[in-house]
1. Determine whether segment 473-483 contains at least one residue that is at pLDDT 95 or above, open to solvent by 40 Å² or more (accessible area, probe 1.4 Å) and either in contact with a strand residue (DSSP E or B) (Cβ under 8 Å, 6 or more places away or on another chain) or closer than 22 Å to F372 by Cβ (or both).
2. Scan segment 373-393 for residues that are surrounded by fewer than 22 Cβ atoms within 10 Å (Cβ to Cβ) and within 29 Å of the chain's Cα centre (by Cα) and report the count.
3. Among (1) modelled with pLDDT of 95 or more; (2) open to solvent by 10 Å² or more (accessible area, probe 1.4 Å); (3) within 28 Å of A441 (Cα to Cα), where does R419 come up short?
4. With the structure loaded, tell me whether G257 is assigned to a loop (DSSP other than H, G, I, E, B) and open to solvent by less than 30 Å² (accessible area, probe 1.4 Å) or whether it fails that test.
5. Any residue in segment 260-277 that is loosely packed, with under 15 Cβ neighbours inside 10 Å, within 23 Å of the chain's Cα centre (by Cα) and part of a loop (DSSP other than H, G, I, E, B)?
6. Looking only at segment 302-331, filter to residues that are at pLDDT 90 or above and more than 30 Å from Y245 (Cβ to Cβ); which one of those is nearest to the chain's Cα centre (by Cα)?
7. Enumerate the pairs (first residue in segment 23-34 and closer than 19 Å to I373 by Cβ and in a loop (DSSP other than H, G, I, E, B); second residue anywhere and open to solvent by 30 Å² or more (accessible area, probe 1.4 Å) and at pLDDT 95 or above) with beta-carbon separation below 6 Å, excluding pairs fewer than 6 apart on the same chain, so at least 6 apart or on different chains.
8. Which condition from (1) closer than 26 Å to W252 by Cα; (2) touching a residue at least 60 places away in the same chain (Cβ under 8 Å); (3) surrounded by fewer than 19 Cβ atoms within 10 Å (Cβ to Cβ) is the one that G193 breaks?
Amino acid sequence: MKLIKLLLLLQINALFFGPEAINAQGTYTNPILGGDFPDPTILRDGKDYYLTNSAFDYVPGLVVYHSTDLINWEPVSFALKTYLGSIWAPDIKKHKGKYYIYFTVHGDRRTNCVVWADTPYGPWSEPIDLNIGDIDPCFIEGEDGRCYLVMSGGNRWTLSDDCLSVVPDSKIHFYDGWQYPEDWITEGFCLEGPKLYRMGDYFYYISAEGGTAGPPTSHMVVVARSKSINGLWENMPSNPLIHTYNNSDRWWSRGHGSLVDTPDGQWYCVYHAYENGFYNLGRQTLMEPVHFTPDGWITSDGGDASQPLPRPSKATKDDNGNNRLAHLSEFRIGLDWRFYKNYSPSRTKVEGNVLTLQGKGNSLSSSSPMMFIAGAHRYEIEAEIELHGNVKAGLCLYYNAEYNVGTGFDNGRRYRYRRNKSNGVGQSAGNHLWLRLRNDAHVVTAYWSSDGIQWKRETWGQEVSGFNHNTLYDFQSILPGLFCEGEGYATFKNFRYHEL
């Protein structure tokens, strides 16, 4: 009865006083990274935590985030400066004083690469091609002192002594996964996303099954263990550790988990999930408390990931209060801002919170827009924009090269952008305008102003809930951003992001 009363009190406080009141009582609310933060991999290094995610088609990529409490995260470096292809499912590890990120490249050919650094703050090395197939690499040191790279499908390679190449012809298959019940509705078996840990007498093999998208009940986190890196692997009797069982749940396709502990012995599972009704935000990073049972298996304490959960004991009092987007007006490229596929540092210059962006291409898509992860249901972006030369510039919401929406102008007209096509909607009255773009729970509208004070709404609107992976593939999400196309450049200043 006391537990029921406590849960009711937490729900009432959340309803009337918001997350700040809840967090003051010693809990946090998911997601810990809202928006497109898929395939999380996490490392504890003493009292510090480092996390990175799949970059897919965005560059700079493999942004490394730092936290001291698992709740508040700050970008501190990025490991990829050039576009190699779509970047999938990284693994961040520390070994003998160096830091490594292994990752899959899906481009003209599929391969796996590694970068390394002396510190998570970089600089990171140039990518080193391992020239191996499969996906989702994971580093683990065996009881024999050798280092291995475990891949999707239960396969494994032996690494060289410097961990920057694989031993030729060392690939073996050593795990078949856990067979979930036949009546479960999934995207497919999809044994992938391995994360291996050595704890006590056992190696623990954490893997994803069920497919990363598809139906809401697809994804899951599965556990197996062995006393040797070579197996035999025993599947956990209570599998899966994390899973979505009902279409009515807030978080769909929960899976691709990583384990992390605190210095005082608390354990958590960090994973990704889609949000019911907001699939176009991409897979967001969630976290649930877990613990080891007396027989050495793992069980989740979280239950409902949509409810407040016990925070780590060393978390700061202002949990979830760290504003990840506080520095957007500084235009920190690589930390907050990224480009779609094509990134050239020579295109950008930042001075005193003013961005100069060189024109590129002749359309919104070919302009390689500059974007950030918002992760909110309702928000606005706006900027004061000045054109120089024969260019069009403006604001956009971008999924991929074919599916996007935006508002822009040139020296003569204002334009609506829809699915990479533009049409004039009115006079621009020169090369200097303020533009605003609003995303109100999938409904997009645009506004313009000649002085930044008096605003007028454009007569068009668009609904974009269908801009998501299940509809369009690419594993992307809708990201707000800026663009400049044509010959010349545009300056963006007084940039503002505001959640509605």
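The values are calculated or read from the model by the stated rules, or taken from the named source; none is laboratory data. Just so you know, these numbers come straight off a predicted model, no measurement behind them. Cβ: placed from backbone, ideal geometry, glycine included. Neighbour counts: every protein chain shown. Areas reflect the complete protein model, heavy atoms only, side chains present, ligands, DNA and RNA absent. Shrake-Rupley method; radii C 1.70, N 1.55, O 1.52, S 1.80 Å.
1. no
2. Of the residues in that region, 7 qualify.
3. Single failed check for R419: (1).
4. no
5. Checked segment 260-277: at least one residue is loosely packed, with under 15 Cβ neighbours inside 10 Å, within 23 Å of the chain's Cα centre (by Cα) and part of a loop (DSSP other than H, G, I, E, B).
6. L325
7. none
8. Evaluating G193 over (1) closer than 26 Å to W252 by Cα; (2) touching a residue at least 60 places away in the same chain (Cβ under 8 Å); (3) surrounded by fewer than 19 Cβ atoms within 10 Å (Cβ to Cβ) leaves (3) as the failure.
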